[in-house]
Every structure is written in structure tokens, then in C-alpha cells.
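Notes follow the structure.
Laboratory data are not the source of any read-out in this text; all were calculated from the coordinates shown. Since we're looking at a predicted model, the values are computed, not measured. Here the Cβ positions follow ideal geometry from the backbone for every residue, glycine too, while neighbour counts run over all protein chains shown.
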Amino acid sequence: MKIAITGGSGFIGGRLITYLQEQGHEVWNISRSASAVAPGVQTVTWDELAHSAAALGGVDAIVNLAGESINQRWTAAAKERILQSRLQAAAQIATLVERLDPKPKVVVNASGMSIYGTSETHSFDESSPHQETDFLARVVQAWEEAADHIQGTRVVKVRVGLVLDRTEGALPKMLLPYKLGVGGPIGSGRQWMSWIHITDMVRLIAHCIEDETIAGPVNATAPEPVTNRDFSRALAKALHRPNAFPLPAFVMKLAFGELSVLLLEGQRVLPKVLLEHGFRFNYTTIDAAFADIFKK
């Protein structure tokens, strides 16, 4: 298949490009600049597409992963960039799809599990109501509404969980306290962490492209979420480090401001749609995921 990706230079996008190439697909990168992202991947800029969509003629699928990183202090300016980058990318995809003939068979648009709000007691699947309880929940709600303007093709909204990888994403930032021997749970430790191994993350995107019966929201999380306390225990075990030094919530709030909500609050999110459509996770437990991530 001919597959176009936005956000190809990012964490998930880069791994997805490699995976799709290994599966024999023709991969195109849509970017603001003409810089290459990987060998064998052709890049087309948004300016070029605005002039002519011919470069993506015959494209089978578009994967939209573009958006400002949320891993920064949430100043008013940063919040605006985080929101607008996602709305702009979805709007550009909607315009592109409208102009393409024939149209792609599917658009996979990134989203987030924050749309469910936070809870220590409830579980959420794709049928759960949306809860605009905080900044990220409001961003994801607006993001998905923008994706709903993509017409004329199947649209999948992948609600991404905590993606685990040894060198990229959030996990490397969590390792320092353990390497110093002072790791432990964060805050109460009761908050849920709905995680997914990076390998399963890219595999499920490919699955959503290939399975023509999947449409709408899809939770990109492993089937066994864990509390922060159990996550910390499993991480310490995998690293052969102690897990005896809890990090108080106020320290996180002082250090990260409103961004600290990502680690202090959570939600138990289940991948009901993927399981119903036959997707098999390679890593269903946090112990198995860490064993692979930290293997020698």
C-alpha cells in the first residue's frame, strides 16, 4: 500500500515508518519542510500539496500523528500551540482528502485517552462518555471534533496511552530516580497508568489501516493497565533497583506545574475495540513489556 504519514519525525511516527517499510509498504512523509526522515521515504511538503495533490495520488491510507509535544510546561502560549497544532493538522488532512480523487481508504488520526477524564475507580472503553475535566481532556475533545470533518473515507481515532520505549517518550525521564537508587511511586500511587509497548503501538496502527471494519475511536492501550504503585514496582524490578522512595505530589506540582497531572492522575482505559477485532498484543502485562524494553 501507499501510506502517507504526518509527524514522521516524531517518536511514534519514526517507529511507524520503519515498521511499515519492513512490511513492504510505500511510505510518504508529509511535513512543513522538505527534510528527509528516513531512507526510502519520500517527503512532500504542505505547501507543495496546497499547489497540487498529485504527489499523493493513489494513496491508500493517511496517518496523522502531527501535534506539538505536551511534554513541556503548560504556559498559556504552550497550551495554545498544543491545541492549535492539532486542530490545524486535522483541518489540513480534511482539505487534502477532499481534494484527492480517488480518496484514501482510511485516515488514522491520533487522539488521546485524556478524553475520558480521570478516575481511580472507573474503567473506560470506547463507549464511555467524554469528560472535559482538564486541559488535555478539552484538547482531545476539540481534536476529535476536528477529525470528524474528514469526510469521504473511513476515519479511525486512535486514543494513545502511555507509550513505553527505552530511548524515547516518557519512560526515559522516569528512569533517573531509579538509576540514582531513589525511585518509588509518585503521589498516592493509586492513579492508573494505561500503557502500551511501542511495538504494539505501531502494530495496532497498521491493524487499523488493514481492518476495514474498524472505524471511530480505538483505545491504544494494553489490556492490563496498572496503578502507579504497581508500575513503579515493576520498573524497579526490571532495573534491579530499590522502590522505597515515594515522590510527594507537591514536589511534582512544583517541578512541572499543571503538566504534573499526567503523572498524578490517570484513568483505567481498556482496548475493547482492538480485542473485538482480533488484534493480538505482543505485550499484555507490564512485566513482559519491561522485560523486553530492558533486555540486554
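What the pair-distance distribution of segment 205-277 shows, using all Cα-Cα distances binned every 10 Å from zero, is 15, 31, 30, 18, 5 percent. Between amide H atoms placed 1.01 Å from N, distances below 5 Å from V108 occur with I62, V63, N64, V156, all of them 5 or more places distant or on a separate chain. Spin-label model, E132 to D60: label points 7 Å out along the Cα-to-beta-carbon direction sit 3.9 nm apart.
Straight-line cross-link partners of K79 among the lysines, defined as a Cα under 26 Å from its Cα and at least 8 positions apart when in the same chain: K157, K173, K253.
Across segment 49-151, C-alpha contacts under 8 Å between residues 6 or more apart give a mean separation that, scaled by the residue count, equals a relative contact order of 33 percent.
Global dimensions of segment 121-266 from alpha-carbon coordinates: Rg and Dmax equal 17.1, 54 Å.
Projecting the Cα atoms of L264, V163, I115 onto the dipole axis of segment 2-293, where Lys and Arg carry +1 and Asp and Glu carry -1 at the beta carbon, places L264 farthest toward the positive end. Per residue, the convex hull spanned by the Cα atoms of segment 131-189 amounts to 128 cubic angstrom. Relative contact order for the chain: 18 percent, from Cα pairs under 8 Å spaced at least 6 residues apart, divided by residue count. Using Cβ point charges alone (K and R +1, D and E -1), the dipole size of segment 2-293 about the Cα centre works out to roughly 860 debye. Between S33 and R166, the modelled labels are 3.0 nm apart [label points 7 Å from Cα along Cα→Cβ]. From most to least packed by mean Cβ count within 10 Å, the peptides 239-248, 88-97 give 88-97, 239-248. Once the other residues with Cβ under 11 Å from the Cβ of L263 are scored (Lys, Arg +1; Asp, Glu -1), what is the net sum? Local net charge: +1. Taking amide H positions as modeled 1.01 Å from N, with prolines and chain starts lacking one, the residues under 5 Å from W195 and 5 or more places away or on another chain are L162, A222, V226. Find the Rg to Rh ratio for segment 1-90, where Rh is the Kirkwood radius over alpha-carbon pairs and Rg uses the same atoms. On the Cα set of segment 1-90, Rg over Rh gives 1.01. In the chain, what percentage of the DSSP-assigned beta bridges are antiparallel, given to the nearest 5? For the chain, the DSSP antiparallel bridge percentage is about 5. Rounded to the nearest 20 debye, the dipole magnitude of segment 1-138 is 280 debye, with +1 charges on Lys and Arg beta carbons, -1 on Asp and Glu beta carbons, and the Cα centre as origin. For segment 30-46, backbone phi angles converted through the Karplus equation (6.51, -1.76, 1.60; θ = phi - 60°) give residue-by-residue couplings of 9, 8, 6, 10, 8, 5, 6, 10, 6, x, x, 9, 8, 10, 10, 8, 4 Hz, Gly and Pro being listed as x.
Between E80 and L176, the modelled label-to-label distance comes to 3.0 nm, taking each label 7 Å out from Cα in the direction of the beta carbon. Normalising the Debye intensity of the chain to I(0), with uniform scatterers on Cα atoms only, and taking log10 at q = 0.07, 0.13 Å⁻¹ returns -0.26, -0.91.
Each residue of segment 135-147 was assigned a 3J(HN,Hα) from its phi angle through the Karplus expression (A = 6.51, B = -1.76, C = 1.60, θ = phi - 60°), giving 4, 5, 4, 5, 4, 5, 4, 5, 4, 5, 5, 5, 5 Hz with x at Gly and Pro. Multiplying the residue separation of D101 and L275 by 0.36 nm and subtracting their alpha-carbon distance yields 59.3 nm. Look at the alpha carbon pairs under 8 Å that are at least 6 residues apart: their mean separation over the length of segment 134-240 gives a relative contact order of 35 percent. The amide H of T43, built 1.01 Å from its N in the peptide plane, has N29 as neighbours under 5 Å, considering only residues 5 or more places off or on other chains.
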